[in-house]
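Colleague: For reference, the structure I am asking about is given below.
The values are calculated or read from the model by the stated rules, or taken from the named source; none is laboratory data. Here the structure is a predicted model, which is why all the values come from computation and not from measurement. Cβ atoms come from the backbone with ideal geometry, glycine included; neighbour counts cover every protein chain shown. Ligands, DNA and RNA are stripped out before the accessible areas are found, and what is left, the full protein with its side chains, is counted by its heavy atoms. Shrake-Rupley method; radii C 1.70, N 1.55, O 1.52, S 1.80 Å.
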Amino acid sequence: MGRVMNVRGPAPNGPRQGPPLTRLERASGAAVGTQPGRAPVGAHRRGVSARQALEEALARALQRSPCVVSFSGGRDSSAMLALATLVARREGLPLPIPGTFRFPEVASTHENEWQELVIAHLGLEDWERMDLTTELDLLGDVARECLTNHGLCWPPNTYLHVPIFRVAQGGTVVTGLDGDGLFGDWKWCHAQSVLHRLTPFERRDVIRIGFSFAPAPVRRQAFARRRHFVPDWLLPEFQRDFLTAVIDREVEEPRRWDRRVGWHAGARALHLCMESLSVIASDYDVEVAHPLLDPVFLRALADEGGAAGFGDRTAVMHHLFGDLLPPETVARPTKAEFGGAVWQENAREFARNWDGTGVDLAMVNADLLRRAWSADNPVIHSWTSLHAVWLASQEASRTAPLG
């Protein structure tokens, strides 16, 4: 694993703790809603385009070397790597280092061809590749060390970045968080495109556009009739609370692109993710940069897109990165899935032997949670509870009377 095995000692003031989770977040494994007091979008800067703002954010990241891009081969990490490479060459800065972990034995994670396509296109020679087997088990050595040092972090797979942080020790890690949500999940994209004559009108667009203008109570009723994932291990009262929070968030999504950008970037899920990554990275003296969530970039992206936006996810990628990446990457429809790489023997054995304690039994049905863990690929919402139960078991063993 090369440089990956270089481990820094404890932080001088002790390890930081992960961000506090609410009871419902701990029990459901999901973070829904807006982060209170968060103002994610910066002030308007005249003459600064979205692309320029991203380049400025990446130039700052490249100043603290080594600058490692967490590179999976997906669209967002590929875009960050390509733009960081352009900036580094133009400014005479050290080139970014792609950092990639692979699980050769887990087919759902394979992105080798996509990765190699981008690396060859960019002409990069320094590429940290780590072939892993069980090292990143949900309750393997890396995960247990993070849990012991920092408590619960969210999302529960945040510890997967530890190999990347080790490569970047003393420097910077650049992520592609959160291109999927920012560029791809806008439910009013088609309606706005038709309204602004970017997409030809069809008869059924009358309903789509009308619904986009509907008052909140009407949208709420419509969304409530749709199928949503609700963790079945939650007791009924808390299933209702969870579903209400999910629908509230859907109802709040702005119809206009320029308003939707700030709404999305203010999500509590993003706040928890960024804070958790920062907490774990501090063990390795690493700063984590998320250029796609940079406030100046978000303001410029909102202003550039205006009310109508740019179109679908691929259209946004073309607008921002079409000159930097292979066409296949810009339009790529697929994505890797890592559940099979982390539900390894440690996690499965612990789940099999669980005695039903360590969760909030006022909110959780332990039998149904156990059933969720026994699935071939347990849903990610259940992973937080696995970590919480393991932490509770460690605390119980420390406080158990001797003899």
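Colleague: Can you tell me which residues in the stretch 161-209 are touching an Asp or Glu at 6+ places or on another chain (Cβ under 6 Å) and closer than 22 Å to residue 276 by Cβ?
Modeller: 167, 170, 172, 176, 179 - these are the residues of the stretch 161-209 that are touching an Asp or Glu at 6+ places or on another chain (Cβ under 6 Å) and closer than 22 Å to residue 276 by Cβ.
Colleague: Considering only residues that are in contact with a strand residue (DSSP E or B) (Cβ under 6 Å, 6 or more places away or on another chain) and more than 17 Å from residue 290 (Cα to Cα), which ones fall in the stretch 139-193?
Modeller: The answer is 163, 167.
Colleague: Related question: Can you pull out the residues in the stretch 133-151 that are open to solvent by less than 50 Å² (accessible area, probe 1.4 Å) and either more than 19 Å from residue 349 (Cα to Cα) or part of a loop (DSSP other than H, G, I, E, B) (or both)? Don't jump to the end; show me each part of the working.
Modeller: Of all residues in the stretch 133-151, those open to solvent by less than 50 Å² (accessible area, probe 1.4 Å) come to 136-140, 142-143, 146-147, 149-151.
Of everything in the stretch 133-151, those that are open to solvent by less than 50 Å² (accessible area, probe 1.4 Å) and either more than 19 Å from residue 349 (Cα to Cα) or part of a loop (DSSP other than H, G, I, E, B) (or both) turn out to be 136, 137, 138, 139, 140, 146, 149, 150, 151.
Colleague: Looking at 236, 231, which is the one that is farther than 27 Å from residue 84 by Cβ, at pLDDT 95 or above and open to solvent by less than 50 Å² (accessible area, probe 1.4 Å)? Write out each step before concluding.
Modeller: Working: 236 fails: open to solvent by less than 50 Å² (accessible area, probe 1.4 Å).
Within the list 236, 231, the selection yields 231.
Colleague: Next up: So which pairs qualify, if the first residue must be in the stretch 233-260 and closer than 10 Å to residue 33 by Cα, the second must be assigned to a helix (DSSP H, G or I), the Cβ gap must be under 7 Å, and the two must be at least 6 apart or on different chains?
Modeller: Partner pairs satisfying both residue conditions: 247/220; 247/223; 247/224; 250/223; 252/263.
Colleague: Every residue in the stretch 208-239 that is under 20 Å from residue 28 (Cα atoms) and assigned to a loop (DSSP other than H, G, I, E, B), please.
Modeller: Those that are under 20 Å from residue 28 (Cα atoms) and assigned to a loop (DSSP other than H, G, I, E, B): 226, 227, 228, 229, 230, 231, 232, 233, 235.
Colleague: Quick one: what pairs do we get from the stretch 77-93, first residue closer than 14 Å to residue 54 by Cβ, second surrounded by fewer than 24 Cβ atoms within 10 Å (Cβ to Cβ) and among the charged types (D, E, K, R), C-beta under 6 Å, 6+ apart or different chains?
Modeller: 87/55
Colleague: Answer yes or no: is there a residue in the stretch 279-293 that is modelled with pLDDT of 95 or more, open to solvent by less than 30 Å² (accessible area, probe 1.4 Å), touching a Leu at 6+ places or on another chain (Cβ under 9 Å) and among the hydroxyl-bearing types (Ser, Thr, Tyr).
Modeller: The answer is no, given that none of the residues of the stretch 279-293 is modelled with pLDDT of 95 or more, open to solvent by less than 30 Å² (accessible area, probe 1.4 Å), touching a Leu at 6+ places or on another chain (Cβ under 9 Å) and among the hydroxyl-bearing types (Ser, Thr, Tyr).
Colleague: Let me ask something else about it. Considering only the stretch 365-388, state which residues are buried (at least 21 other Cβ atoms within 10 Å of the Cβ) and of a type in the set (Val, Ile, Thr).
Modeller: If the condition is that a residue be buried (at least 21 other Cβ atoms within 10 Å of the Cβ) and of a type in the set (Val, Ile, Thr), then 384 is the only one that fits.
Colleague: Within the stretch 170-186, work out how many residues are part of a loop (DSSP other than H, G, I, E, B), at pLDDT below 95 and surrounded by fewer than 21 Cβ atoms within 10 Å (Cβ to Cβ).
Modeller: 1
Colleague: Can you tell me how many residues within the stretch 187-207 are open to solvent by 40 Å² or more (accessible area, probe 1.4 Å), in a helix (DSSP H, G or I) and under 26 Å from residue 302 (Cβ atoms)?
Modeller: 2
Colleague: In the stretch 16-100, which helices (runs of 4 or more DSSP H) lie fully inside it and hold 3 or more residues that are touching a Leu at 6+ places or on another chain (Cβ under 7 Å) and either under 25 Å from residue 254 (Cβ atoms) or not hydrophobic (A, V, I, L, M, F, W, C) (or both)? Show your work before the answer.
Modeller: Working: elements: 23-28, 50-63, 75-91.
Qualifying helices (runs of 4 or more DSSP H): 50-63, 75-91.
Colleague: Quick check on my filter: what residues within the stretch 303-356 are under 24 Å from residue 136 (Cβ atoms) and open to solvent by 70 Å² or more (accessible area, probe 1.4 Å)?
Modeller: Selection gives 334, 335, 337, 345, 349, 352, 353.
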